[in-house]
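Structure, as C-alpha cells:
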Amino acid sequence: MSEPSSTAVLVIVGAGPRATGLLERIAANAPELWDGRDQLRIHLVDPHPPGPGRIWRAEQSPLLRMNSMAEDVTMFTDESSTLDGPVRPGPSLAEWAAQFAGRGPRFEPFTEPADPAVLAELRTLRATDFPTRRAQSAYLDWVFRRTLDELPPTVTVTWHRTTATAVTGPEDGPQHVHLADRTTPLTADLVVLAQGHLGSAPDARHSAHAAFARRHGRFHLPPEFTADADLSALRPGEHVLVRGFGLAFVDLMALLTEGRGGSFRGGRDGTLTYLPSGREPVLHIGSRRGVPYHSKTNYRLQGPRPPLPRHFGAEAVDKLVAEGRPLDLRRDVWPLMAKEIGYGHYHELFHAHPERTVLSWQRFEAAYDRLDWYGVDMAALVATAVPDPADRLDFETLDRPLAGQAFPSAEAFQDHLRATVAADVARREDPEHSADLGAFLALLSLYGQLPRLVASGLLTARTVAEDLDGWWRGFFSFLASGPPGFRLRQLLALSRAGVVRFLGADVRIGTDESTGTFTAASATVPGHLTHATALIEAYLPETSLARTEDPLLRALHQDGALAEEVISDPTHTHRSGLLTVTPADGHVIDPSLGGPHPRRIALGAPTNSRSVAAFARPRTDAPAFRQNDATARALLRALRASVLLPPTGRSRSRYRRESAHMG
C-alpha cells in the first residue's frame, strides 16, 4: 500500500493496551507537536481487536478475573503523572462502569457493551470488586474508541486484522511491514513493536517430560497462557501434578472446577463448600515456596497516602550509580528497596493504627530515615516502637514461609496450609492490617527506579540473572500480584473437597518408567511420593527471542537485525531472552548497524526496559505512562520531520477496520 509523499506513516505492530496507551499520548501531544495541516496515517496490525488485544480479548471464559480492584485500574494520566506532555485525565474502570448504573457522569463516546452478561456486571460493579477480564475488555475497547475521537482530523487510524511477519528496509529509508495474508507490505516512516506478552516454544527443560508423556500416552502442558490452553484431554478424576502456585494456577483451578460444572455454596459463617460435578481432575499443587501468592487486599488506606518514593527514588539511584562500582542487588540495592517498602508499611501503621505503636510518628520517622534496614539499631527501633511482631515487616519469613518446616504426613501438611491460607485471606480483608497496603504501594514505587539502575550497566551479570530477573521478580509477584481473596477461599473449599492437594515447597518432579507416571516429592513432607498421569507447568512462558512464537521477532532475530539482552562480566554471562532497546527512547538495537535502528522502536513486555503493565493504579505516576509519553513525543517530532511536501487535503475517515485483502 503506497502513501503520498506528503503523508507521514506510522505502523504499530500490536493493538493491545500498550498500543492504545501510545495512541492516547499521541492524541494528547498532537496539538503541540503535530502541524494540523499535515497528514499522519497510523496502521495497527493485530489479529485481535484493538484496545483489548489478545490477553484482554472478550472471547474468553467469564470465570477469569482480574487480580486488581476496579478502582485500581486506569489507562489515563492524572495529577501524579510526571510527563513532558499534557495530563489528560480519564475514568478508572470503576468510574467508567458506574455510568451504566446511573452513578456519576457519562463518558463519551457512550455505548453499552453488546454482551448482556458484561453489561449486567458493569451495572453492579463496585469500586472494590475484582472484575472479570471481559469487563476489562469492554473498558479497553472504550478507551481505544475515545482515543480515536481525540486524534486531530488529519490523523487516521487503520486496523489490519492480521499478523505482521517481518520488517524490512534500510535504516535511512522506508520500512516495509509484511503481513501474513497479503503480498503487498505496509510502507512506513517509523515502526513501533508493541506486541505485549508473547508465547515461547518450550525450552529443553521441558523436552524430557514432553517425550515421557508421548511415550506413555500421558498429558503434559508446558508453560502456557492458561486462557489459551487446551485442557480437554484431562479426564474426570485424573491425578494431575501442577507446578506453580501463582495466577496461572488460579486460572487453571477455575477452569477445571467451575469450568467443568462444579459450584461453590456459601455458609452462614462465610465458609465455602465445593459441590463437584464429577468431571474434575484431582490437582496436586506444589512450587518453590509451596504456598499460593498472597491474597490481594480489598480495602483502602486508612491513613494519608505515604509520600513515595523516599528511600529508593531518583536521588538514591543516582548515588549508587555515581559510585561507579559493580553492584549486587541483594547486597547493595535491596536494603534501600526494603527500607522503602518498610516506610510505606510503617507510615500507614502509625497514621491509621497509632494505638499499636508506642512512639510518635515524628520520632519514629526521624530515627528510621537515618538507620540502615538491616542494622541492629533499626531492629531495636522497630521492636521498641511496634510491640506486636505481627505488625512488623520480616521479609525473609514472608519470602519462604515453609523454610525449615517438615510434617509427619501429607494430611498434617494439608491442615497446616489450609490454616495458613485462611489466615492470609482474613488479614488481607481486615482494614486493621492496612499497613500491608502501605507496603504494597511502596513496592509498586520501586519499579519506577529499577530500569534506570539496569541501564547504568553496574549491576553484575549474576545479580541481574539470579536476583533481579529471578528472585526479585518472583518475590514481587508473590507479595503484590496475588489473587482476590475469594479465589483463595475457593482454594480452601477445593482442598476440603479433595479436588486440590498440596505438595509442599521446592517440589521435585520426576518420572517413573515402570508405571508410566509423573512423580512429585517435597522435603515439606519427607518420604511422601505422589504419582500422577498428567503434568502441568502452571506459569507463563519466559520471554525468549530464540524461541518466540511471534513471527516478526523471530525473523528479525534470525536475520541478526535485533539483539537479545546479554549482560556479561568476568564471572558470569546472562542471556535474558529480552529484546535490547535504548533506555531513553526504546529504539531497537540492530547488531548489523552496530547500534540503534533509527526507524524501529519497541515497547513493553518483550523488551529489556522491564516495564510493568500498560495500565496502572490511579495516582501512582505509572512508569508505563511516562514511557508512552516520551515515545509519543519523539515519534511525532520524527514523523513531522518526514513530511517533506505540502499536504494534499484532510482525511475524512477517522478509523476503519481493514482486512488483509483490502488496499
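For the reader, a short list of remarks on this structure follows.
- Boolean, PRO47 is touching a Lys or Arg at 6+ places or on another chain (Cβ under 8 Å) and either polar (S, T, N, Q) or in a loop (DSSP other than H, G, I, E, B) (or both): yes
- Residue list for the stretch 114-152, filter: open to solvent by 30 Å² or more (accessible area, probe 1.4 Å), more than 19 Å from ASP46 (Cβ to Cβ), assigned to a helix (DSSP H, G or I) and touching a residue at least 60 places away in the same chain (Cβ under 8 Å): ASP149, GLU150
- Of all residues in the stretch 18-37, at least one satisfies being buried (at least 24 other Cβ atoms within 10 Å of the Cβ), of a type in the set (Ser, Thr, Tyr) and closer than 29 Å to LEU179 by Cβ.
- Listed by first and then second residue, the pairs with beta-carbon distance under 6 Å, at least 6 apart or on different chains, first residue in the stretch 1-26 and modelled with pLDDT of 95 or more, second among the charged types (D, E, K, R), are ALA8/ASP189; VAL9/GLU3; VAL9/ARG41; VAL9/ASP189; GLY14/ASP46; ALA15/ASP46; ARG25/ASP629.
- Here ARG452, ARG489, ARG473 are screened, and the one residue that is open to solvent by 10 Å² or more (accessible area, probe 1.4 Å) and modelled with pLDDT of 95 or more is ARG489.
For every residue, the table says whether it meets (1) open to solvent by less than 70 Å² (accessible area, probe 1.4 Å); (2) under 25 Å from LEU359 (Cα atoms).
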position	(1), (2)
TRP373	yes, yes
ALA379	yes, yes
PRO387	no, yes
LEU393	yes, yes
GLN405	yes, no
HIS416	yes, no
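- Taking residues in the stretch 444-460 that are in a loop (DSSP other than H, G, I, E, B), and partners anywhere that are aromatic (Phe, Trp, Tyr), the pairs with Cβ atoms closer than 6 Å and at least 6 places apart or on different chains are GLN449/PHE312.
- Residue pairs whose Cβ atoms lie under 6 Å apart, separated by 6 or more positions or on different chains, with the first residue in the stretch 318-338 and on the phi < 0 side of the Ramachandran plot and the second open to solvent by 90 Å² or more (accessible area, probe 1.4 Å), are PRO335/TYR374.
- Among residues of the stretch 636-663, those that are at pLDDT 85 or above, in contact with a helix residue (DSSP H, G or I) (Cβ under 7 Å, 6 or more places away or on another chain) and either among the aromatic types (Phe, Trp, Tyr) or open to solvent by less than 40 Å² (accessible area, probe 1.4 Å) (or both), counted: 1
- Some residue of the stretch 64-73 being small (Gly, Ala, Ser), more than 16 Å from PHE615 (Cα to Cα) and surrounded by 20 or more Cβ atoms within 10 Å (Cβ to Cβ): no
- All conditions but one from (1) free of Cβ contacts under 8 Å to residues at least 60 places away in the same chain; (2) at positive phi apply to GLY217; the one that does not is (1).
- Scanning the stretch 232-279 for residues that are in contact with a Phe, Trp or Tyr (Cβ under 9 Å, 6 or more places away or on another chain) and of a type in the set (Val, Ile, Thr), we see that the one that is nearest to THR533 (Cα to Cα) is VAL240.
- Taking the stretch 540-565 as the range and being of a type outside the set (A, V, I, L, M) and surrounded by fewer than 20 Cβ atoms within 10 Å (Cβ to Cβ) as the test, the residues that pass are GLU542, ARG547, GLU549, PRO551, ARG554, HIS557, GLN558, ASP559, GLY560, GLU564.
- Put simply, of TYR299, TYR368 the only residue that is open to solvent by less than 30 Å² (accessible area, probe 1.4 Å), more than 28 Å from the chain's Cα centre (by Cα) and in contact (Cβ under 8 Å) with a residue 12 or more places away in the chain is TYR368.
- Subset tally (residues that are outside any loop (DSSP other than H, G, I, E, B), open to solvent by 10 Å² or more (accessible area, probe 1.4 Å) and of a type in the set (Gly, Ala, Ser)) for the stretch 318-345: 1
- Each residue in the stretch 578-635 was checked for being outside any loop (DSSP other than H, G, I, E, B), open to solvent by 30 Å² or more (accessible area, probe 1.4 Å), charged (D, E, K, R) and farther than 15 Å from SER445 by Cα, and 1 of them qualify.
- Failed item in (1) part of a strand (DSSP E or B); (2) at pLDDT 95 or above; (3) out of contact with any Phe, Trp or Tyr (no Cβ under 6 Å at 6 or more places or on another chain), with VAL566 passing the rest: (2)
- Residue within the stretch 194-216 that is farther than 13 Å from GLU537 by Cα, open to solvent by less than 20 Å² (accessible area, probe 1.4 Å), in contact with a helix residue (DSSP H, G or I) (Cβ under 6 Å, 6 or more places away or on another chain) and among the aliphatic types (A, V, I, L, M) present: yes
- Near pairs, Cβ below 8 angstrom, 6+ apart or cross-chain, from the stretch 465-483 (in contact (Cβ under 8 Å) with a residue 12 or more places away in the chain) to any residue that is β-branched (Val, Ile, Thr): ALA465/ILE567; LEU468/VAL454; PRO483/VAL250
- For the stretch 94-124, taking the residues that are at pLDDT 95 or above and of a type in the set (S, T, N, Q), the one that is farthest from TYR139 (Cα to Cα) is identified as THR124.
- For GLY270: the one exception among (1) open to solvent by 50 Å² or more (accessible area, probe 1.4 Å); (2) in a loop (DSSP other than H, G, I, E, B); (3) of a type outside the set (Phe, Trp, Tyr): (1)
- Residue match in the stretch 243-258 (condition: open to solvent by 20 Å² or more (accessible area, probe 1.4 Å), more than 29 Å from HIS347 (Cα to Cα) and among the β-branched types (Val, Ile, Thr)): no
- From the list ARG65, ARG88, the lone residue that is among the charged types (D, E, K, R), closer than 26 Å to LEU635 by Cβ and touching a residue at least 24 places away in the same chain (Cβ under 8 Å) is ARG88.
- Odd one out for PRO170 among (1) surrounded by 15 or more Cβ atoms within 10 Å (Cβ to Cβ); (2) over 27 Å from THR517 (Cβ atoms): (1)
- Being within 25 Å of the chain's Cα centre (by Cα), charged (D, E, K, R), modelled with pLDDT of 95 or more and open to solvent by 10 Å² or more (accessible area, probe 1.4 Å) is true of ARG161.
- Check on ALA138, touching a helix residue (DSSP H, G or I) at 6+ places or on another chain (Cβ under 7 Å) and under 29 Å from GLN60 (Cβ atoms): yes
The values are calculated or read from the model by the stated rules, or taken from the named source; none is laboratory data. Note that the coordinates shown come from a computational prediction; the quantities given were computed from them, not determined experimentally. Neighbour counts run over all protein chains shown; Cβ positions are idealised from the backbone, glycine included. Please note that ligands, DNA and RNA were not included when accessible areas were found on the heavy atoms of the full protein model with its side chains. Shrake-Rupley method; radii C 1.70, N 1.55, O 1.52, S 1.80 Å.
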